[in-house]
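Shown next, in structure tokens, is the structure this report addresses.
Each value in this text was obtained by applying a stated rule to the coordinates, not by laboratory testing. Keep in mind it's a predicted model, so treat the numbers as computed, not measured. Cβ placement follows ideal geometry from the backbone for every residue including glycine, while neighbour counts extend to all protein chains displayed.
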Amino acid sequence: MRLFVAVPVTGAFREAIAGTIAAFPASDPPWRWTTPPSWHVTLMFLGERNPDDVAPICSSLATVSASFSPFTISTGPLHGFPSLSRPRVLVVGVGEGAGALARLAARVQDALCDAIGAARDERPFHPHVTLARLRARIPRELIAEIERAPRPVRACQHVQSIGLIESHPGPSGARYAARKMFALGGGA
């Protein structure tokens, strides 16, 4: 099974992302937008895992989440990876709460590296929500339109839980299903 740990995107934060896509200047871009049910902030990608790993993963996530207080995040700017001038992925970044997400991601990574020997991601953590994945280079004119795209409306979300998510790849993109959610601060 293909697994990752994430914060689900809900409420006003989700609505702001939807508004960004609706107001995007390119009317027929050469990519497919992601859909609201798939929007999340990945804390750690685990990749293909054995079903025997689920119990220790859940135990570790329960411990981490119980020790971490809820916090607030806000939408950040539209940008691309590796850069906006040569994007392979278009994303909405996280403004307020990016530091808290980074600390939470570090705790998740530490716990799961210890519990199941998960590979440590040495890249810097940049919290974001993926809007689109580009399959090919895009024309310079479209890059200019992307760069002129309006910043997402500032919206906040109170982060109260993290989830162990299973990814089911398919021809029209991956479908995600929460295997288990974990309340921050040990709440129900």
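Here are the numbers for this structure:
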item: Members of the stretch 80-92 that are part of a strand (DSSP E or B) and farther than 15 Å from ILE21 by Cβ; result: PHE81
item: Hits in the stretch 7-48 (condition: outside any strand (DSSP E or B), of a type in the set (Ser, Thr, Tyr) and out of contact with any Ser or Thr (no Cβ under 6 Å at 6 or more places or on another chain)); result: THR10, THR20, SER27, THR35, SER38
